[in-house]
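Heads up, the thing below is written out as structure tokens.
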Amino acid sequence: MDRTAGQNRAAAHLYPGIDPFDQRMVEVGDGHKVYVEQCGNPDGQPVVVLHGGPGGGCSPAMRRYFDPAHFRVILFDQRGCGRSRPHASVENNTTWHLVRDIELIRDGLGLDQWVVFGGSWGATLALIYAETHPDRVSHLVLRGVFMMTQAELDWFYGGGAGKFFPERWDAFASLIPEDERDDMIGAYSRRLFSGDMQQEVRYARAWAGWENQLAALQVHGSGESPADYARAFARLENHYFINRGWLEGDDVIMANRHLIEHIPASIVQGRYDMICPPHSAHRLAHGWGKAELNMIPTAGHALSEPGITAELVRITNEIRDTNS
């Protein structure tokens, strides 16, 4: 099965493609403008989609996980990526700026509460947002849980995942001199922010390629990401990781979980997720009475994995039926 076949299998579970009924650029301050769109039912149950990365941006496929007759689907490109401007900028771009932006969007749309849907870094941001504004979240839908801990960063950028994909790790690590490889995030940071555009794009593509090649169980081909996308993705992701998400402690999301335990949470996790291993999702769900962990037996990390897609649509349909 090639990657296209897998994506086609995933698409079979999705709702048909739809166009936004509203698109706007929102001034969020600090020199940033954030792209926001709305799709589906303008009077429907609101859900906000938090994309991964950081720096990944939204895609039209993300609109299709929700029944458009029921949901009012709000998507936005986080600071510095996608259609938001300035592009690839890390100035005034932290987790807490993004939490503030989410609230500004919610308030600007006149919404009291919404479902918060996010995967990978989007799951991290969803949890931090919910712990900061627990009264604004009616349901959490999380995929590929990442808790922004040092152990998770060490796994992916310290050689843990590389033990399963040694040839791909070698390609990623070989661009860095041996005496700098004890801190790959720092070594890449120096090159992603060198001021030399050609060098930044080269290292950005390597950074993005290492992650993209491990995202799904079946990945064939190694096509490079477009330069603009790779540079924004790699710079923002590196910027967030080198600063540990600006969190006050290594395991602060778990430490503050009690703040959101009254909120229903549906967690979808690929059993063979090499980017965000299942341990984090298991820890998060364990002891959380209103959380349900759905472990997908033959899936990796990607949103487009067929089993993950099917389970997420099942969950949003269940939320729809509960609120109809």
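The values are calculated or read from the model by the stated rules, or taken from the named source; none is laboratory data. Note that this is a predicted model, so its numbers are computed, not measured. As a convention, Cβ positions derive from the backbone with ideal geometry for all residues, glycine included, and neighbour counts pool all protein chains shown. Each accessible area value is taken on the protein alone, full model and side chains, heavy atoms only, with ligands, DNA and RNA left out. Shrake-Rupley method; radii C 1.70, N 1.55, O 1.52, S 1.80 Å.
Given R₀ = 51 Å, what would the calculated FRET efficiency be for T322 paired with N243, taking r from the Cβ atoms and rounding to 0.05?
Numbers: r = 38 Å, r/R0 = 0.75.
My answer for the efficiency is 0.85.
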- Query: For labels at L259 and S59 in the simple 7 Å Cα→Cβ model, what's the distance in nm?
  - Reply: 3.2 nm
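For the range 65-163, what number results from the quotient of the Cα radius of gyration and 2.2 N^0.38 Å?
Values: Rg = 15.3 Å, N = 99, 2.2 N^0.38 = 12.6 Å.
Cα-based Rg divided by the globular estimate yields 1.21.
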- the range 49-202 - percent of accessible surface contributed by carbon and sulfur, probe 1.4 Å: 51 percent
- Note on the structure: For the chain, the dipole about the Cα centre with charges only on Cβ (Lys and Arg +1, Asp and Glu -1), to the nearest 20 debye, works out at 540 debye
- Query: Relative contact order, percent, of the range 226-292 when contacts are C-alpha pairs under 8 Å separated by at least 6 residues?
  - Reply: 28 percent
- Note on the structure: Contact order relative to length for the range 190-251, counting C-alpha pairs under 8 Å separated by 6 or more residues, stands in percent at 33 percent
- Item | Selected from D179, D107, D273 as most flexible by GNM, with the chain as the system and alpha-carbon contacts under 10 Å | D179
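Let me have the 222 nm mean residue ellipticity of the chain computed from DSSP H runs of 4+ only, each contributing -39500 (n - 2.57), with the sum over all residues rounded to the nearest 500. Don't jump to the answer; show the numbers that get you there.
On the way: 11 runs with 120 residues, N = 324.
One gets -11000 deg cm²/dmol as the mean residue ellipticity at 222 nm.
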- Task: Would you compute the Debye intensity of the range 175-248 from its alpha-carbon atoms alone, equal scatterers and no solvent, and pass along log10 I(q)/I(0) at q = 0.16, 0.20, 0.24 Å⁻¹ to two decimals?
- Result: -0.59, -0.88, -1.12
- Query: Just the accessible area per residue of the chain, please: how many Å² with a 1.4 Å probe?
  - Reply: 41 Å²
- Under 5 Å between amide H atoms, partner at least 5 residues away or on a different chain: which partners does A291 have, H built in plane at 1.01 Å? A265
- Residues of the range 253-267 with backbone N under 19 Å of the label point set 7 Å from the Cα of Q150 along Cα→Cβ are 253-256
- Shape of the range 215-312 from its Cα gyration tensor (a ≥ b ≥ c, root eigenvalues): rounded if a/c is under 1.5, otherwise prolate when a/b > b/c, or oblate? oblate
- Message: Please compute, for the alpha-carbon atoms of the range 1-151, the extent along each of the three principal axes and give them in descending order in Å.
- Response: 43, 40, 29
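Over the chain, what relative contact order in percent results from Cα pairs under 8 Å that are six or more residues apart?
Numbers: 615 pairs, mean separation 67.6, N = 324.
Result for the chain is 21 percent.
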- Message: Pick from E91, E178, E37 the residue whose mean-square fluctuation is largest in a GNM of the chain, springs joining Cα atoms under 10 Å.
- Response: E178
- Say we join alpha carbon atoms closer than 10 Å with springs in a Gaussian network model of the chain; which of L312, L104, L140 then has the biggest fluctuation? L104
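Order S138, S84, S324, most accessible first, counting only protein heavy atoms with a 1.4 angstrom probe. Display every interim value, and only then the final one.
Details: S138 40, S84 0, S324 110 Å².
Ranked list, largest accessible area first: S324, S138, S84.
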- Message: Using a 10 angstrom Cβ neighbour count of at most 15 plus a DSSP loop assignment to flag exposed trypsin sites (Lys or Arg not before Pro), which longest range of the chain is free of such sites?
- Response: 1-180
- Roughly how many whole Å is it from the C-alpha centroid of the range 183-259 to that of the range 91-129? 20 Å
- Query: Under 19 Å from a point 7 Å along the Cα-to-Cβ line of E292: which residues of the range 126-150 have their amide N that close?
  - Reply: 138-145
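Give me the one-decimal Kirkwood hydrodynamic radius in Å for the chain, with the sum taken over alpha-carbon pairs. Walk me through the numbers on the way to the answer.
On the way: mean 1/r = 0.0503 Å⁻¹.
19.9 Å is the Kirkwood radius here.
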- Task: List every residue whose amide H lies under 5 Å from the amide H of V141, counting only residues 5 or more places away in sequence or on a different chain, with H placed 1.01 Å from N in the peptide plane.
- Result: V116, F117, G118, S266
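Pull out the extension gain between D250 and Y272, defined as 0.36 nm times the separation in residues minus the alpha carbon to alpha carbon distance; nm, one decimal. Mind showing how you got there, number by number?
Values: separation 22, 0.36 × 22 = 7.92 nm, distance 2.43 nm.
Contour length minus the Cα-Cα distance gives 5.5 nm.
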